[in-house]
Structure formats: C-alpha cells, structure tokens
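Values quoted throughout were computed directly from the atomic coordinates according to the rules given, and no laboratory measurement underlies them. Here the structure is a predicted model, which means the values were calculated and not measured. In this analysis, Cβ positions are derived from the backbone assuming ideal geometry, glycine residues included, and neighbour counts consider all displayed protein chains.
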Amino acid sequence: MVSAKAVRFNYRLRVSPAQERALLVEWDGVRFVWNRCVEASKKAQVASSPEHKVTCGPAALDKMLTAWRKELDWLRAGSSVPQQQVIRDFGRARAKTLQDVKDRLPVRQRRGMPGFKSRHRSAPSLNYSRRGFSLHEDPATGRLRLHLAGGIVVRPVWSRPLPSPASSVRVYRDAVGGWFCSFVVVAAQEPLPAVDRAIGIDWGVAVIATTTDDDHDLAHPQRRRSAQAKLAHYQRMMARRKPKKGKPVSTGYKVAKRQVAKLHRQVARQRSDDARKWAKGVVVDFDQIAAEDFRPRFLARSTMAKKAADAAIGATKAALVHMADKHGRDLRLVDPAYTTMDCSICGARAKHRLDLSERTYACEACGMVLPRDKNAAAVMVVRAGFVPLVLRAQDQGRSLRSWLPEPGIPRLQPWGGFKGASPSLRAGGRRGRPRRRSRSEAYGASCVGAGCVGAGCDAVLLAAGCAAAGYLGAGASPFASSHAR
Ligand SMILES: [Zn+2]
C-alpha cells in the first residue's frame, strides 16, 4: 500500500535588498506580537488563582491581536497572516510547558515558558498559512515566484519540484544571513523493489554504525577535526575583535562571526549529507532493518562528548528512519538493553556487563567469538523478530559468514577459561590488579527449554527469532549443531 505523508520541502530564496528590508519590517511586527503574547501570558499567570483561573490561550490572544492592530497603525500596515500564525506558535510553546508542569517532569527536563524575542538575537521566521501565499509564474523567466501576503515577492531556487500544492510555507533566515523557505506538502511513499535481506545496526562513537554487513559500516568521518583549524582561526579573530562592554559591535567582529557561522553550517550540511547517503544505501540494499533505539544524550556528559557530537548519531538515526519510511521498508527500533551481553547465535547472556575496553565478545555457551559490535548488530536482527542471519545463511546454503565460530577460534577450556582469548576474558585475575570476576561468574547461562536439545545445552533459545523463522520445537532446533557439544 502506498501511503502519503505531510513533509517539508526546503528551498533557498533569492532575496533582493529591498525584499529583505520588507521581510524584516514584517518580522518586526511579528516579533512585537510575540512579545505582547509573552507579556499577556505573564500577567495571566500572576492573576490566576485556584478559585479564579485566567486563561491565555490562542483564542484570547487572537482577540487581543485585533485590539493591538486597531491601536497601532504601523502594526496594521503589516500582514495579519504571519501575526496570527505566531500566536499559534506561541500557543504551542506555552502549552508544551504547561503540559510538562502537569506531568511533573523534573525542572531541568521541562520546557521553559516562551521568552521575549530580542531584535538582535532572534532569527526572522514568518509562517504563512494557505491564504497567505501563492505561487505565480514570472513572465520574464517562466519560473514560479512566491507571493507573500503584504505584497512581498521572492524567488525560490527550485532545486526539485513540489510534489503537491503546499498547505503552508515558512520563510526564515539562518545564522549566516541566507534566506530559505520551507513548504509543507503531501508526498507519496516511493516503494523500492523487495530484496528479502535483513540488516542489524549497532550505533557507536568510534564507528558510527556497525552493521551485520561489512559494506554498510559507517566510519566516523571526523568532520569537526577537518574544520578545526579554520574554526579556531575565525574564533581567534572574533575574540580579538570582541567589543568592550557597552561599546557597539564593529564590522570586523560581525565579519568574523559570520565566518564562524558559515563554517558551522558547512559542517552541519556535511554531516547530514553523510547520514542521508548512508541511509539511502542501507534502504536500497535491505528491506528488513533492525536498528538499535539508541538515545545518545548521555554521551554529551561523557569524556567523549566532542567526538560523539561530531558523529551525529541522533541525526543519522533520524535520517535512517526517514529514508525507511519514505521507501516503505520495514524498520524496527530495538531496545538496546543487554544487546552487548547476549550471544547472537545461541542467545546466552553474560552475567556481567562487558567493559567498554573489551572489544571481543566470546560466548561461553556456544564458543562463538566475534567483535563486540558485530555481535550486538546481529542481536538486533534477532530481537527485531526477523529471521536470524545465521539461520538465513544455513537455509540458503551459504557460508555462515563471520558471526559463526571459525576453525581456530578459541574454545572453552576444561579449566574454565578461553584459549587464545584476550587476557581480560581469561579466568582469574592478573597479578597486581584486583581480580575482576571468573569466566563462569561472567557468563551465566540458562536453558528455557523451548527447542532445547537436551543434556549439554545451556543456552537460552531466542524465541522471537525462532518463531519468526517457524523453527520452534525440539528436534527442529537450528541451534542443535552449535550448542550440543
Ligand atoms: Zn552463544
């Protein structure tokens, strides 16, 4: 089934100095309305009591806007559409704060009450609903121009056509000073041909995405590091030209500040380009995508915060979700709990969390040894309910690839340790360091019985994956060969 969804299509705008002046005058009126809304909301908050509730929602503010426009000639000269739309924006921001308070969110997680917008610090942003804009052909060039309420005409750079008539448009300026417009349109899904292949994705900092397919691993592109020298140069320029307190800002300072903003914009675009290209590749080659539902916020408080921010894991995940949605692929987000502790072959769970320095996962139950992130990526496939990759490979008579035990891979030794495994994986401790834990303590495994092959089996079968493959039931256990030893 092909479904359609409201999405944003963004375009750069060509704006002449006269048009920019007109847009900024319009923005002054809109900003004034916003600030009046903040004032009214503050008054309502003070006047409100449990017995006598004073509301300050969009309906009440709309009435106030009529009065303000009656009172002030210059405000009435501006278009009413963006002024009414900013009341909607304000209402949404205020409602979110009130909801957070109602939900008793901790103060640091709460959205703050919307504040005043300063002329110097706030970026212009004008929203026009359906009746506030139209597209007309330019008789000279034959291209469509954007006519805004209030008589402002701007020229979008049509990098791609609009898929359907737009329901609203937002015209805004970024930190560098470029103008853009963003149309809300309904875009149909673009389904890709089925390929019947599954991929598991584990997010990380050193390698942004480790996948079960080596060709689709996404290495850290180090965009920040590449821009670092230039950035430091411009930031030094800014620091040297910083105005004394109370003194006006010099042109040189503004130039340096613009260069910093430009560099940040360039790096941000490189990151989003990397993410989108990688996501497109994954979506084209695989129709079953199991990605870790990673919440990277905690990384911002760690020692690798800078590198993690440069990796843009959240943006990469968002690009993947968007791309899968656009092309009708089956994307499942997997809870990351225990994905580094479970074995992707037999499902046995290690008793203790692996240290971040331990890069190899060795399963005590089946003897499988794999790079830690590759194992986690394969676990994603199983957890998502797709046919486990190892079963798929067996079914298709292909080699079992890298996530199966290979000849010469360390096996469990009678003394309870691993031959050939890294020292940290061996039983017991090393002299001079506190003994951490023994192997048997570290890897506790139990059998749940479903499809259990009997004595010697101490693995938990991955019920979800087996059920998906139609493999449940003793005798038919696909794991027989791997853990009945
Ligand atoms: Zn195992």
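Here the dipole of the stretch 198-334 is about 2180 debye; that uses its Cα centre as origin and unit charges on the Cβ of Lys and Arg (positive) and Asp and Glu (negative). The protection proxy used here, the mean number of other Cβ atoms lying within 10 Å of each residue, ranks peptides 283-293, 8-18 as follows, highest first: 283-293, 8-18. Give, as a single signed number, the net charge of other residues whose beta carbon lies under 11 Å from the beta carbon of Glu20, with Lys and Arg counted +1 and Asp and Glu -1. Charge balance near Glu20 sits at +2. Sorting His52, His216 from the fewest to the most surrounding beta carbons within 10 angstrom yields His52, His216.
For Lys351, the lysines whose Cα comes closer than 29 Å to its Cα, not counting residues fewer than 8 places off in the same chain, are Lys374, Lys419.
By the count of neighbouring beta-carbon atoms within 10 Å, fewest first, Lys96, Lys317 end up ordered Lys96, Lys317. The calculated FRET efficiency for Asp335 paired with Ser16, based on their beta-carbon distance and R0 = 51 Å, is about 0.45.
Extension gain for Lys96 to Glu71 (0.36 nm times residue separation, less C-alpha to C-alpha distance): 5.9 nm.
Checked against a 27 Å cut-off, the cross-linked pairs Lys244/Lys307; Lys230/Lys307; Lys42/Lys306; Lys230/Lys306; Lys117/Lys247; Lys96/Lys244 give Cα-Cα distances beyond that limit for Lys244/Lys307; Lys42/Lys306; Lys96/Lys244.
Full extension of the chain between Ser48 and Lys306 gives 88.4 nm of extra length, using 0.36 nm per residue less the Cα-Cα distance.
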